[in-house]
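Here's the structure we're looking at; comments come further down.
The values are calculated or read from the model by the stated rules, or taken from the named source; none is laboratory data. Since the model is a prediction, treat every value here as computed from it, not as a measurement. Counting neighbours? That spans all protein chains shown, and the Cβs are built from the backbone with ideal geometry, glycine included.
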Amino acid sequence: MKSQIRVWAMAMLLVPVLLAKPASAQSIHIGVKGGANINQIEGQSFDGTYKFGYLVGGFAELNLNKTIGLQPELLWVQAKATTTQDFNGFYGGFTGQNVSLNYLSIPVMFVWKPIPLFSFQLGPQFGVLINQSGTLFENSQRAFKSGDVSAAAGIQFYLGHFRLGGRHFKGLENMGRSQINGTSNQDDWLNGGFQFYLGITII
């Protein structure tokens, strides 16, 4: 399953490269963004309700031509959830506890910009639960080796140097086996939700 997802992700990245003309230096921009992460963790151990967290990080705009491009990002994302009785039964802990999980998220979005005002975005989103003792580089490596993969889609508006957008994401692999609870197959966890953000280009 993981190998099929990674092949699909690589194919998504190659499509715009094959279709577009070479980019110039003026078509590359770098910026920062922040906003809300409204997530839902599905599984017996959690109550499945949507929770508000935050996201903050950076992004790059690689405009291959006037309508097609790529937007890779590196984000720190907070996901929240509330445990149920099953969490106590499976792993030991407390029922009804609010938990906060920090993720390193690496979306790689294919961008289609039909008019200068907005673009549609679609692509894979790699994520991994942050290892507090690891460096940023070490956590980034884990996102591609053992993290979960989501499909993400959304729309982004361009207001001068500002970027305003919304995105929906849904996990393609269960988190219980791929990253958070890798030692147990009792309970599968699936992460998904919505993100709303404001960004600004600085280069």
Give the residues of region 167-203 that are of a type outside the set (A, V, I, L, M, F, W, C), crowded, with 16+ Cβ neighbours inside 10 Å and either closer than 30 Å to His29 by Cα or modelled with pLDDT of 70 or more (or both), sorted by residue number.
-> Arg167, Gly171, Asn191, Gly192, Gly193, Gln195, Tyr197, Gly199, Thr201
Determine if region 131-153 includes at least one residue that is over 19 Å from Ile30 (Cα atoms), modelled with pLDDT of 95 or more and surrounded by 19 or more Cβ atoms within 10 Å (Cβ to Cβ).
-> yes
Would you mind stating whether Gly43 is buried (at least 17 other Cβ atoms within 10 Å of the Cβ), more than 20 Å from Ile203 (Cβ to Cβ) and modelled with pLDDT under 80?
-> yes
In region 28-72, what residues are assigned to a strand (DSSP E or B), of a type in the set (D, E, K, R) and more than 20 Å from Leu172 (Cβ to Cβ)?
-> Lys33, Lys51, Glu61
